[in-house]
1. Has region 286-298 got any residue that is surrounded by 13 or more Cβ atoms within 10 Å (Cβ to Cβ), assigned to a loop (DSSP other than H, G, I, E, B) and either among the β-branched types (Val, Ile, Thr) or modelled with pLDDT under 95 (or both)?
2. Are there any pairs with C-beta distances below 7 angstrom linking a residue in region 126-144 that is within 15 Å of Arg244 (Cα to Cα) to a residue that is in a helix (DSSP H, G or I), with the two at least 6 apart or on different chains, and if so which?
3. Among the candidates Ala245, Ala249, Ala304, which residue alone is hydrophobic (A, V, I, L, M, F, W, C), touching a residue at least 60 places away in the same chain (Cβ under 8 Å) and either touching a Ser or Thr at 6+ places or on another chain (Cβ under 6 Å) or closer than 30 Å to Leu145 by Cα (or both)?
4. Here are some conditions: (1) part of a strand (DSSP E or B); (2) under 15 Å from Asp110 (Cβ atoms); (3) of a type outside the set (A, V, I, L, M). Gly203 meets all but one. Which one does it not meet?
5. Inside region 65-177, counting only strands (runs of 3 or more DSSP E) that do not spill past its ends, which hold 1 or more residues that are hydroxyl-bearing (Ser, Thr, Tyr) and in contact with a Lys or Arg (Cβ under 9 Å, 6 or more places away or on another chain)?
6. For region 264-285, what are the residues that are part of a strand (DSSP E or B), out of contact with any Asp or Glu (no Cβ under 8 Å at 6 or more places or on another chain) and surrounded by 14 or more Cβ atoms within 10 Å (Cβ to Cβ)?
7. Could you go through region 78-99 and let me know if any residue there is in contact with a helix residue (DSSP H, G or I) (Cβ under 7 Å, 6 or more places away or on another chain), modelled with pLDDT of 95 or more and among the charged types (D, E, K, R).
Amino acid sequence: MTILSRPIRLGTRGSPLALVQARMVAERLRAAHGLGEEGIEIVPLRTTGDRVQDRPLAEIGGKALWTKELDQALHEGRIDCAVHSMKDVETIRPATLRIAAMLPRADVRDRLVGAPTLDALAAGARIGTSSPRRAAQLRHRRPDLRVMPFRGNVDTRLAKLAAGEAEATLLAAAGLIRLGRDSVGVPLAIEAMLPAPAQGAVGVECRADDAALAARLAAIDDDDTHVCVAAERALLAALGADCRAPVAALAQVTGARELTLVAQLLSEDGALTCQGVRALPRDTPGAAAALAHALLADAPPALARLFTPPR
């Protein structure tokens, strides 16, 4: 058993799902390095995104509201690493931090809760989501539906549904499975609802100058997940997409040296869309930028103008 001078302090949001994910990371680190229970300390932190529940994130600061308190704790040395749901991590991260590991990706699909299929929803039915991507995809497929803002953790959103605030909602399958709620909702085919970039992936971030901890974290890294999520995030960076931009993307390993990346751009009202696919070298996830450029070239001008790719 490895003896440490003090436990590794693992920072996390305090939501039920975030704590489950932190415990998953802790268990893998203990197994990889022969650590006892005392070798890992989970440190819950309340983020601005958790505190502010009455407004869409895009209106109050975007995805950084999930990470800034964790970033500050890392920089101040109050925690050694932070656990993130990667789809909630802003595309451009501080150079002083690095994503050192990702756990094996879970089910990437969305689940529909409240109806057996999207087509089964009555005309004008209310469907709750605060995801710009989900809202745009729903409006594209069913422009008659009324999209209602739903924020909060899984229990909060399910409670809103039970209270009759909407007829249906969408939740990530990965979160439901990790919370032991595998029976909740109906999975939607990827072809019908392409997921958010990095959906289903859990990442662990540490200070860029902490080489010793980065090496420990590398022992639990799932390379397939890491390269696929890196490609999806490279696409976002090349698009200049922010949290308001409805973008869907999924990279999958399709060979020993190859990934296949599928991506979709949408306008907020779902009226405009553009989709593309490209094979990428596994060892060059940044090549996803080529698909971003192709999508912007092919997109209707009104859709392309929603994105601000870096010069």
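The values are calculated or read from the model by the stated rules, or taken from the named source; none is laboratory data. Here the structure is a predicted model, which means the values were calculated and not measured. When we count neighbours, we look across all protein chains shown, and the Cβ atoms used for this are built from the backbone with ideal geometry, even at glycine.
1. No, the conditions are met nowhere in region 286-298.
2. Qualifying pairs under 7 Å: Thr129/Ala135; Pro132/Ala58.
3. Within the list Ala245, Ala249, Ala304, the selection yields Ala245.
4. Checking Gly203 against (1) part of a strand (DSSP E or B); (2) under 15 Å from Asp110 (Cβ atoms); (3) of a type outside the set (A, V, I, L, M), the one that fails is (2).
5. On the way: elements: 81-85, 97-102, 110-113, 126-128, 146-148, 168-172.
It comes to 81-85, 168-172.
6. Answer for region 264-285, where residues must be part of a strand (DSSP E or B), out of contact with any Asp or Glu (no Cβ under 8 Å at 6 or more places or on another chain) and surrounded by 14 or more Cβ atoms within 10 Å (Cβ to Cβ): Gln264, Leu265, Leu266, Thr273, Gln275, Arg278.
7. yes
Let's see how each residue does on (1) crowded, with 17+ Cβ neighbours inside 10 Å; (2) free of Cβ contacts under 8 Å to residues at least 40 places away in the same chain; (3) in contact with a strand residue (DSSP E or B) (Cβ under 6 Å, 6 or more places away or on another chain):
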position	(1), (2), (3)
Gly77	no, yes, no
Ser85	yes, no, no
Val89	yes, no, no
Pro94	no, yes, no
Leu97	yes, no, yes
Leu103	yes, no, yes
Asp110	yes, no, yes
Val113	yes, no, yes
